[in-house]
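Asker: Before I ask anything, let me first share the structure, which is written out below as structure tokens.
The values are calculated or read from the model by the stated rules, or taken from the named source; none is laboratory data. Keep in mind the model is a prediction, meaning the values are calculated, not measured. Neighbour counts are summed over all protein chains in view; Cβ atoms, including those assigned to glycine, are modelled from backbone coordinates with ideal geometry. Heavy atoms of the whole protein, side chains included, go into the accessibility calculation; ligands, DNA and RNA do not. Shrake-Rupley method; radii C 1.70, N 1.55, O 1.52, S 1.80 Å.
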There are 2 protein chains.
Amino acid sequence: MEFNIAPPNDALRGPLQQKIDGKTKPLGALGRLEALALQIGLIQQTLTPELRQPHILVCAGDHGSLADPNGAGLSAFPQDVTWQMVENFLAGGAAINVFARANGIELVVADAGVAHDFGPRENLVDAKVSPHGTASYLEGPAMTAAQCETAMARGAQIVAGIHARGCNVIGFGEMGIGNTASASLITHFLAGIPLGDCVGRGTGLDDAGVSRKLTLLRQAAELYRGDHMPLSVLARFGGFEIAMLAGGMLAAAERKMLLLIDGFIVTSALLVVATLHPATLQYCAFSHRSQERGHRLQLEHLGTRPLLDMDLRLGEGTGAALAWPLVRAAAAFLDEMASFASAGVSESKKSTHAQTGS
Amino acid sequence: MEFNIAPPNDALRGPLQQKIDGKTKPLGALGRLEALALQIGLIQQTLTPELRQPHILVCAGDHGSLADPNGAGLSAFPQDVTWQMVENFLAGGAAINVFARANGIELVVADAGVAHDFGPRENLVDAKVSPHGTASYLEGPAMTAAQCETAMARGAQIVAGIHARGCNVIGFGEMGIGNTASASLITHFLAGIPLGDCVGRGTGLDDAGVSRKLTLLRQAAELYRGDHMPLSVLARFGGFEIAMLAGGMLAAAERKMLLLIDGFIVTSALLVVATLHPATLQYCAFSHRSQERGHRLQLEHLGTRPLLDMDLRLGEGTGAALAWPLVRAAAAFLDEMASFASAGVSESKKSTHAQTGS
């Protein structure tokens, strides 16, 4: 797969900043919304950006590590919860359904490799790479290089289809019991963060559970003899949903969409993507800081401060769905707010804009 | 004025928590949205709360301190900007208009005492206490006790009218050049915070400007010989828009509405209210942490952590408007999310809910 991802042309930065500064407000008074508006303007290469048809893509997959008799301690929930939650998505009863509805976001749910036969379902994208989920990284590679490429290509294809329907802003979410464990390993290898700092409670392990999870993941990391290239690490530790998200992100950045990044697992997919194509980061808005402990370190590694800090740790793209109104507000103020000139409002007594040192 | 403000009955706390814990998500995984949902349920005394017809009330007023020849350094903007911004509100071009429109919030703008004749205007509530704004607290009281009571009563009346139209959630915003100075003095006297910590850049003073502002406010504080009772402090330092907001908040809490608190100036009105009727605080959702320096200290004084931290310092109720989708999402998950039982999703392997120490 080849993706052509260039950073946004920076020529409009000056004019965009000038437009922002001319709005009827003290200079800089909209804080981080101003930086977001500037970013959106640069991505869309216009002084009047428009965010159209927001979508969230939720990819679901199962992890062989959870089915592995040695991996029983990796999650507080049984593996069946993956397919049960997908059914919950399809029935409209999960948190991501509620938040997407409340905020006017269209939800797309893709089966990347859930160990369950859903049969043909109208509102489920069947993108299954394997009917059994990944293999166990406690024994060997979670997926083959070919499977990894298939998952990424399917993610890219899904996003291309969403884009073709007129969408230019997309959030990413996931479901997969055991995938905080995968994300911990990916984060450890790609961001160089000690594994102990990457391992957290996931869906609700207690201290003893976290300790057992760390022991298992240390064994998995030690067993690995491959290189630390992003696709090698991704294939080794899975899951299919993470690979599918990575492919989707690359396709979205290539199409100059705005990407809404969710929590720990989605950010682990972004670590893969950003290592391959660092320019992708310029298309990302970071929606929230998860309470899953490794997420904070991922965000620091990427040098970014997310929009929300609500102690969420649910996944599904819920952080992205909750942050979307802030993103929409950023574009809206740039487009709709009056300027000092147009509204006949007197400017600050200092004729030049006095930066306030914020 | 007498307000009857009782804390919400706590009997539903257990059932509400049980309902929240039964939703299809790891225990506690919706973080601070869960606390917010619980609060809304308690305020409305139901397991199925409904937030109806959100409004934001923006009160505007002018400050005699700004017209005072000695008070020239109190703001980076001239006093005329107050009425000019009210015109901007009426024309729909200000940030609060944009955010209210984007998030489905109805805006009510009230003239509490702007030093400008707007004439009769369809979408402006004429609640003017004085056609000249307040008097200068650099010389004496900003308003008389009677004016203070009038402003509060009119605020209460406006909110009662909004409530009568079916609204049960209301945000508060303000416009008034010079009102961070008023808010600093009120905060100093009512929260016991050193004045130097309460004084910030407002609309954009530089360091020398802040220093001059502090000198002026120190003089105003030293000139005051009255008691530190909330209504005395409010009348002494104004402004009319702050008094009107305080009255509006009391009426809202009395009617068991949910109050969305904005930034530094709105919180100074709440300090008045909370000193009179501490139970009001249980009806408040704190929308954001302003970059105006005293706001952080006000929030610490009240022992609360706000929803957003976006480096805003604009006022107008913009923080409340931006936080509203989070509040709506909290009520929505409580009402709409499936439970483990209803969705047929397996619960955590620990049969009792293992609290994860968040």
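Asker: Once you have a ≥ b ≥ c as the square roots of the Cα gyration tensor eigenvalues for segment A:206-311, tell me rounded if a/c is under 1.5, and otherwise prolate or oblate according to whether a/b is larger than b/c.
Answerer: Values: a/c = 2.31, a/b = 1.27, b/c = 1.82.
It comes out oblate by the Cα gyration axes.
Asker: How far is B:Met1 from the same spot in each other copy, in nm, shortest first, if each label point sits 7 Å from Cα toward Cβ?
Answerer: Label-point separations across copies, in nm and ascending: 6.0.
Asker: For B:Leu260, which sequence-distant residues (separation of 5 or more, or a different chain) have an amide H within less than 5 Å of its own amide H, given hydrogens modelled in the peptide plane?
Answerer: B:Ile170, B:Gly171, B:Phe172, B:Ala285
Asker: When chain A is turned about an axis onto chain B, which of its residues keeps its C-beta closest to that axis, and how many Å is it?
Answerer: In residue-and-Å form, the answer is A:Pro325, 2.
Asker: In segment A:66-121, what chymotrypsin sites (Phe, Trp or Tyr not before Pro) fall in a loop by DSSP, with at most 11 other Cβ atoms inside 10 Å? Don't jump to the answer; show the numbers that get you there.
Answerer: Details: sites: A:Trp83, A:Phe89, A:Phe99, A:Phe118; in loops: A:Phe118.
When the chymotrypsin sites (Phe, Trp or Tyr not before Pro) of segment A:66-121 are filtered for loop state and at most 11 Cβ neighbours within 10 Å, nothing remains.
Asker: Once the Cα atoms of helix B:32-44 and of chain B are each reduced to a long axis, what angle between those two axes, in degrees from 0 to 90 to the nearest 10, is obtained?
Answerer: Value to nearest ten degrees: 80.
Asker: What average count of beta carbons from other chains do you get within 10 Å of the Cβ of residues in B:328-338? Don't skip to the answer; put the middle values down first.
Answerer: On the way: counts 4, 11, 3, 2, 7, 7, 1, 1, 9, 9, 10.
Taking the mean over all residues of the peptide, I get 6.
Asker: So how tilted is helix A:81-91 from the main axis of chain A? Cα-based, degrees 0 to 90, rounded to 10.
Answerer: That helix lies at roughly 50 degrees to the long axis.
Asker: In chain B, what % of DSSP beta bridges are antiparallel (nearest 5)? Could the numbers behind the result be given before it?
Answerer: Values: 1 of 24 bridges.
Given both bridge residues lie in chain B, the antiparallel proportion sits at roughly 5 percent.
Asker: Could you calculate the contour length gain from A:Lys256 to A:Gln282, that is, 0.36 nm times the residue separation minus the distance between their Cα atoms, to one decimal place in nm? Present the calculation step by step, with values, prior to reporting the outcome.
Answerer: Details: separation 26, 0.36 × 26 = 9.36 nm, distance 0.97 nm.
Taking 0.36 nm per residue and subtracting the Cα distance, the gain is 8.4 nm.
Asker: Sticking with this one: For every other residue with a beta carbon closer than 11 angstrom to the beta carbon of B:Ala110, add +1 if it is Lys or Arg and -1 if Asp or Glu, then tell me the sum. Intermediate results must be reported in sequence, preceding the final value.
Answerer: Values: positive: B:Lys128, B:Arg154; negative: B:Asp111, B:Asp126, B:Glu174, B:Glu241.
For residues surrounding B:Ala110, the net value is -2.
Asker: While we're here: Of the heavy-atom accessible surface of segment A:55-328 (probe 1.4 angstrom), what whole percent is carbon and sulfur? Spell out each step's value before the answer.
Answerer: Details: 4280 of 8300 Å².
Ligands and nucleic acids excluded, carbon and sulfur reach 52 percent.
Asker: Can you give the accessible area per residue of the protein assembly as shown, in Å², using a 1.4 Å probe?
Answerer: Working: 24220 Å² over 716 residues.
Result: 34 Å² of accessible area for each residue.
Asker: Okay, next question. How many nm separate the modelled label positions at A:Gln45 and A:Asn70, each set 7 Å beyond the Cα in the direction of the Cβ?
Answerer: Here the answer is 5.2 nm between the modelled labels.
Asker: Find the sum over both chains of the accessible area lost when B and A are paired, probe 1.4 Å, and report it in Å² to the nearest 100. Display every interim value, and only then the final one.
Answerer: Working: alone 14800 and 14800 Å², together 24220 Å².
Chains B and A together bury approximately 5400 Å².
Asker: Is there a simple number for the mean count of other chain Cβ atoms within 10 Å of the Cβ of residues in A:341-347, and what is it?
Answerer: Details: counts 0, 3, 8, 4, 10, 8, 4.
Mean shielding count: 5.
Asker: Using amide H atoms built 1.01 Å from N in the peptide plane, name the residues 5+ places from A:His288, or on other chains, whose amide H lies under 5 Å from its own.
Answerer: For A:His288, the qualifying residues are A:Leu307, A:Leu308.
Asker: Follow-up question, since we're still on this one. May I ask you to report, in nm to one decimal and beginning with the shortest, the distances from B:Arg101 to the same position in the other copies, taking label points 7 Å along Cα-to-Cβ?
Answerer: Between copies, matching label points for B:Arg101 lie 2.8 nm apart.
Asker: Report, as an integer, the average count of C-beta atoms from other chains found within 10 Å of each Cβ along B:304-310. Could you put the intermediate results ahead of the total?
Answerer: Working: counts 0, 2, 0, 3, 7, 6, 11.
The per-residue average across the peptide is 4.
Asker: Let me ask something else about it. Got a sec? Which residues of segment A:187-226 lose 10 Å² or more of accessible surface with every protein chain in place, vs. that chain alone, 1.4 Å probe?
Answerer: A:Arg201, A:Thr203, A:Gly204, A:Asp206
Asker: Let me ask something else. For B:His132, place a label point 7 Å from Cα along the Cα-to-Cβ direction in every copy; what are the distances to the other copies, in nm, shortest first?
Answerer: 8.8
Asker: Starting from the Cα of B:Lys128, draw a straight line to each of the lysines and keep only those under 28 Å, dropping any in the same chain fewer than 8 residues away.
Answerer: A:Lys23, A:Lys25, A:Lys349, B:Lys213, B:Lys256
Asker: Could I ask something else about it? What trypsin sites (Lys or Arg not before Pro) in segment A:164-241 are in a loop by DSSP, with at most 12 other Cβ atoms within 10 Å of the Cβ? Numbers along the way, then the final one.
Answerer: Working: sites: A:Arg165, A:Arg201, A:Arg212, A:Lys213, A:Arg218, A:Arg225, A:Arg236; in loops: A:Arg165, A:Arg201, A:Arg225.
Loop-located and lightly packed - A:Arg165, A:Arg225.
Asker: With r defined as the distance between the Cβ atoms of B:Arg218 and A:Asp21 and R0 fixed at 30 Å, what FRET efficiency is calculated, to the nearest 0.05? Please report the intermediate quantities before stating the final value.
Answerer: On the way: r = 33 Å, r/R0 = 1.09.
Once the sixth-power term is evaluated, E becomes 0.40.
Asker: Roughly what % of Cα-Cα distances in chain A sit above 30 Å, to the whole percent?
Answerer: Numbers: 22731 of 63903 pairs.
It works out to 36 percent of all Cα pairs.
Asker: Please compute the modelled spin-label separation between A:Ala160 and A:Ala146, points set 7 Å along Cα→Cβ, answer in nm with one decimal.
Answerer: Spacing of the two 7 Å Cα→Cβ label points: 2.1 nm.
Asker: So, one more: Taking Cα atoms, how many degrees apart are the long axis of helix A:293-302 and the longest axis of chain A, rounded to 10 and kept between 0 and 90?
Answerer: 50
Asker: Something else about it: Find, among the GluC sites (Glu not before Pro) in segment A:86-179, those assigned to loop by DSSP (not H, G, I, E, B) with at most 11 other beta-carbon atoms within 10 angstrom. Mind showing how you got there, number by number?
Answerer: Numbers: sites: A:Glu87, A:Glu106, A:Glu122, A:Glu139, A:Glu149, A:Glu174; in loops: A:Glu122, A:Glu139.
In loop regions of segment A:86-179 (DSSP not H, G, I, E or B), the sparsely surrounded GluC sites (Glu not before Pro) are A:Glu122.
Asker: Between A:Ala341 and B:Met1, what FRET efficiency comes out of the Förster formula 1/(1 + (r/R0)^6) with R0 = 30 Å and r the beta carbon distance, rounded to 0.05? Don't jump to the answer; show the numbers that get you there.
Answerer: Numbers: r = 43 Å, r/R0 = 1.44.
Using R0 = 30 Å, I get an efficiency of 0.10.
Asker: Place a label point 7 angstrom from the Cα of A:Glu139 along the Cα-to-Cβ direction, then list the residues of segment A:38-69 whose backbone nitrogen is under 14 Å away.
Answerer: It comes to A:63-69, nothing else.
Asker: Need one number for segment B:144-226: average projected area of the convex hull over its C-alpha atoms, nm².
Answerer: Details: hull surface 28.5 nm².
Average of the hull's projected areas for segment B:144-226 equals 7.1 nm².
Asker: Compute, for the protein assembly as shown, the length of the dipole vector about the Cα centre, with Cβ point charges of +1 (Lys, Arg) and -1 (Asp, Glu) only. Units Debye, rounded to 20. Mind showing how you got there, number by number?
Answerer: Values: 54 positive and 66 negative charges, 83 e Å.
It works out to roughly 400 debye.
Asker: Let me have the relative contact order for chain B, percent, based on Cα pairs under 8 Å that are six or more residues apart.
Answerer: Values: 726 pairs, mean separation 90.4, N = 358.
Worked out over chain B, it gives 25 percent.
Asker: Moving on to the next point. Rounded to the nearest 5, what % of DSSP beta bridges with both residues in the protein assembly as shown are antiparallel?
Answerer: Working: 2 of 48 bridges.
That works out to approximately 5 percent antiparallel.
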